[in-house]
There are 2 protein chains.
Amino acid sequence: MPGPLDGIRIVDVSEVISGPLVSMILADQGADVVKVEPPKNGEESRQLANYRAGMSALYVNCNHGKRSIGINLKDEAGLHLLYELIRKADVFVQNWRPDAAERLRVGEADLRAINPRLIYASIAGFGFSGPYADRRGYDPIFQSLTGWVTAQLNPEVPIPDLVRNAVVDKATSYALAQGITAALYARERGASGQHVKISMLDAGIAFFWPDGMLRHTLIGDDVSNLVVPGERYQLMPTSDGRIVMWASTAAQMQASLLAVGRKDLADAPHQQGKAMIQAHSQAERAAAVRDGLAAMTTEQAYAALVEHEVPAAPVLTHPEVLTDPQLTHNDCFIEAEHPVYGKYRRVRAPVRFSSTVAGPSKSPSLYGEDTDSILDELGIAPDKRRELKESGTVK
Amino acid sequence: MPGPLDGIRIVDVSEVISGPLVSMILADQGADVVKVEPPKNGEESRQLANYRAGMSALYVNCNHGKRSIGINLKDEAGLHLLYELIRKADVFVQNWRPDAAERLRVGEADLRAINPRLIYASIAGFGFSGPYADRRGYDPIFQSLTGWVTAQLNPEVPIPDLVRNAVVDKATSYALAQGITAALYARERGASGQHVKISMLDAGIAFFWPDGMLRHTLIGDDVSNLVVPGERYQLMPTSDGRIVMWASTAAQMQASLLAVGRKDLADAPHQQGKAMIQAHSQAERAAAVRDGLAAMTTEQAYAALVEHEVPAAPVLTHPEVLTDPQLTHNDCFIEAEHPVYGKYRRVRAPVRFSSTVAGPSKSPSLYGEDTDSILDELGIAPDKRRELKESGTVK
């Protein structure tokens with residue numbers, strides 16, 4: 001059975017992560033995505049990081065299930081081709097800087113004139129207007145402005161750091177993919193085509209906020225029990241490494257004492273009921289667990305914590321992630337092969353549908369790999385296609 | 001005009017972050033959410049972190065736009081009430097451990113018998129089956145198993161750390177909110193009601209992967225130019241602190257030299273064109289920029305980098321985030337007030353719709369605040385409501 005978004009046609013001109021990941025999420029659910037790339041070398045991520053035979057790993061990870069065509073939108077014939085694609089599209093995605101789309105004559109008004117029912121999706125960096133709107137923004141910049149970097153500073157690691165993963169780019173993508181889907185749903189029930197907008201800065205703070213800004217949620221100084229869970233995240237030293245443990249309930253806290261062989265303490269009255277959350281009891285328990293884990297190897301500590309049902313995990317290296325028994329049981333990793341760039345590995349989309357199940361989406365295309373099939377669908381004959389290629393209008 | 005999900009009715013029995021944030025995203029877009037909480041004290045996050053007058057900040061941040069009712073599902077009359085709510089619902093959300101819903105007789109089959117068109121959404125921790133399926137999981141555990149912790153280790157911060165924010169919980173929420181919306185869309189176009197599932201472990205690796213697992217995407221050892229952007233994220237020391245700088249394009253790299261007053265170097269032939277990406281040129285440029293920034297205050301460095309259009313940002317503290325000129329220009333922060341727990345601050349949903357614009361969603365409810373209105377809608381008379389309360393079936 002086809003995916004839930006089967007029949008939806010998307011034209012995507014976006015680049016790198018924030019935009020491409022949006023249309024990949026939708027493609028994985030059955031949408032037909034035409035990726036329109038700029039002339040010469042295609043979109044920016046084809047040039048970024050880890051290549052083989054004209055394909056980069058970053059492009060692979062954000063562009064499954066799409067067909068690629070290169071179009072020079074600054075060329076009148078190229079712009080006309082984009083308009084032809086828009087005529088039959090449901091969604092358009094762009095992540096240029098504010099006003100760039102209008103300058104290229106592919107702004108919302110331009111495309112809505114061609115297709116009134118279009119969902120026009122835009123990603124800005126800092127915002128669509130405002131003091132920083134014209135600046136170019138990147139993930140680490142947004143992390144720094146939205147509290148992520150400050151949050152990394154803590155007693156165990158007294159050096160501020162960034163989250164070393166493009167969390168803001170991807171929060172943007174996930175939020176916009178949902179927003180586009182909601183706009184499609186509303187359109188199906190009678191709403192008009194509309195503009196769905198997101199700024200990476202807004203996505204960065206919105207994603208961080210729910211647990212990250214607990215100290216700034218209730219306003220006033222009469223708030224009791226100031227706790228932010230992330231401040232308590234901690235790697236516990238073992239005799240040969242570190243382990244993550246997260247004892248959240250009273251039962252888990254008691255069990256953590258049993259895991260390190262301190263039944264004597266677990267049975268003590270001040271480690272029972274309400275007494276166990278008193279400062280003295282907490283400090284005593286924390287010290288006992290810390291000392292106990294430090295005397296065990298990581299393997300011993302993990303086994304003991306699991307045996308006593310205390311949530312825990314070793315720190316997996318990236319190769320170890322690929323062979324983890326639960327991740328592999330869940331079929332999280334998919335190996336595939338493209339005739340030119342060869343074997344690669346991808347991660348499975350995390351949402352699983354019971355009835356609208358799309359097959360695995362196609363391998364990412366080389367630059368312009370699908371130009372002929374796309375132009376053919378537009379009814380453009382082979383000789384005209386050759387002409388468009390020779391003039392540099394398409395690649 | 002109402003939001004894109006206006007008219008959708010959701011019954012949500014989930015707790016803490018991963019589930020509640022899903023239905024909050026949908027509520028912010030106009031869905032009507034009935035939050036069914038367990039008896040006695042309501043759902044778990046009401047007891048977690050930062051309280052005032054019976055409300056916790058974590059609950060506030062994940063439960064806007066919902067009505068609250070306490071129902072004892074282990075009581076036959078309570079279970080019947082839930083079934084009545086399901087009769088008119090479009091979506092059911094739960095994040096109990098695998099099989100708990102079935103034991104409570106609110107598994108997919110139970111609810112589908114009542115409402116065949118229901119979208120039944122389930123969140124598991126490690127998975128719905130498999131070696132770790134019965135374990136309780138929490139965000140830091142999933143981070144450790146899916147590569148996030150290993151990624152934080154780097155030359156500047158030689159201590160592994162966790163991301164101190166519940167990134168896996170929220171990746172789960174965002175992905176599932178999109179999946180539910182896609183299932184609603186498919187249903188509107190003729191698909192059946194269905195089960196939409198996600199595991200936090202799967203969501204953690206899927207979110208991390210696109211840029212985090214670049215070294216493990218193309219399989220084989222003939223990959224050139226191994227680079228992972230997050231490994232290059234760096235806070236640059238200034239004379240009085242640190243600043244984030246991200247020079248991504250050739251023009252930005254050259255401009256970074258101008259920003260630190262090294263026009264001499266920027267004009268040198270080996271800092272032009274292809275020569276500038278040679279190892280020697282890169283090292284020389286990095287050293288010049290590092291030395292230059294170290295001699296400036298953070299304020300001077302930020303001004304100089306912005307003037308030369310090099311992407312940069314100071315590390316904002318959390319109070320500074322709240323007053324940042326672009327975030328406030330974007331109206332990211334909303335102050336509101338509840339009659340009992342008083343003033344609070346929330347973050348605005350990042351996706352903005354141009355035509356289906358929902359008003360701000362209602363303040364989070366105290367435990368059982370909406371029990372009467374919900375029971376009234378089910379046609380249950382005041383005397384019967386009093387009886388249900390007295391028997392402990394509802395709160």
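The numbers here are math on the coordinates, done by the rules we state, and not lab data. Being a predicted model, the structure only gives us computed values, none of them experimental. Glycine gets a Cβ as well: all are built from the backbone with ideal geometry, and neighbour counts include every protein chain shown.
The GluC sites (Glu not before Pro) found in segment B:337-392 include none that occupy coil by DSSP while having at most 12 further C-beta atoms within 10 Å.
Neighbour counts of other Cβ atoms within 10 Å put B:His195, B:His329 in the fewest-to-most order B:His329, B:His195. How much net charge surrounds B:Ile380 when only the other residues with a Cβ under 12 Å from the Cβ of B:Ile380 are counted, with Lys and Arg +1 and Asp and Glu -1? Computed value for this residue: -2.
Bridges between two residues of chain B, per DSSP, are antiparallel at a rate of about 40%. Tell me whether segment B:285-350 comes out rounded, prolate or oblate; compute the Cα gyration tensor, take square roots of the eigenvalues as a ≥ b ≥ c, and use a/c under 1.5 as the rounded threshold. The shape class here is prolate.
Its residue count N fixes a reference of 2.2 N^0.38 Å for segment B:234-315, and the Cα radius of gyration divided by that reference is 1.00.
Need the C-alpha centroid separation for segment A:187-237 versus segment A:153-179, integer Å. Taking the Cα centre of segment A:153-179 as reference, the centre of segment A:187-237 is 12 Å away. Along the charge dipole of the protein assembly as shown, which of A:Ile374, B:Val321, A:Gly204 sits closest to the positive end, that is, farthest toward it, with unit charges on the beta carbon of Lys, Arg, Asp and Glu (+1, +1, -1, -1)? Comparing the listed Cα positions along the dipole, A:Ile374 ranks first.
Report for segment A:1-136 the percent antiparallel among DSSP-assigned beta bridges with both residues inside it, nearest 5.
10
Restricting attention to the protein assembly as shown, close to 50% of DSSP beta bridges with both partner residues there are antiparallel. Ordered by the number of other Cβ atoms lying within 10 Å of each residue's own Cβ, fewest first, B:Asp75, B:Asp161 fall into the sequence B:Asp75, B:Asp161. Once chain B is represented by equal point scatterers at the alpha-carbon sites, with solvent omitted, what log10 I(q)/I(0) does the Debye formula produce at q = 0.07, 0.13 Å⁻¹? Computed log10 I(q)/I(0) values: -0.45, -1.14. As a proxy for reagent exposure, A:Lys40, B:Lys88 were ordered by neighbouring Cβ count within 10 angstrom, fewest first; the result is A:Lys40, B:Lys88.
Relative contact order of chain A, taken over Cα pairs closer than 8 Å and 6 or more residues apart, is 21 percent. Here the label points at B:Asp222 and A:Ala113, each 7 Å from Cα along the C-beta direction, are separated by 5.0 nm in the simple model. Round to a whole angstrom and tell me the spacing of the C-alpha centers of segment A:13-46 and segment B:1-73. Taking the Cα centre of each part, segment A:13-46 and segment B:1-73 sit 35 Å apart. Here B:Lys384 is the anchor, and the aspartates and glutamates within straight C-alpha reach of less than 14 Å, apart from those fewer than 8 places off in the same chain, are B:Asp372, B:Asp376. Net charge of the neighbourhood of B:Val163, taken over other residues with C-beta under 13 Å away and scored Lys/Arg +1, Asp/Glu -1, is -2.
If you take the square roots of the eigenvalues of the alpha-carbon gyration tensor of the protein assembly as shown and sort them as a ≥ b ≥ c, do you get rounded (a/c under 1.5), prolate (a/b over b/c) or oblate? Oblate. Candidate cross-link partners of B:Lys66 among the lysines, defined by an alpha-carbon separation under 20 Å and a same-chain spacing of 8 or more, comprise B:Lys35, B:Lys40, B:Lys88, B:Lys170, B:Lys343, B:Lys362, B:Lys395. Seen from B:Val227, the other residues with C-beta closer than 12 Å to its C-beta sum to a net charge of 0, counting Lys and Arg as +1 and Asp and Glu as -1. Placing a label point 7 Å from Cα along the Cα-to-Cβ axis, A:Thr323 is separated from the same position in the other copies by 5.4 nm, shortest listed first. Taking only the Cα atoms of segment A:74-221, the ratio Rg/Rh comes out at 1.08, with Rh defined as the Kirkwood radius.
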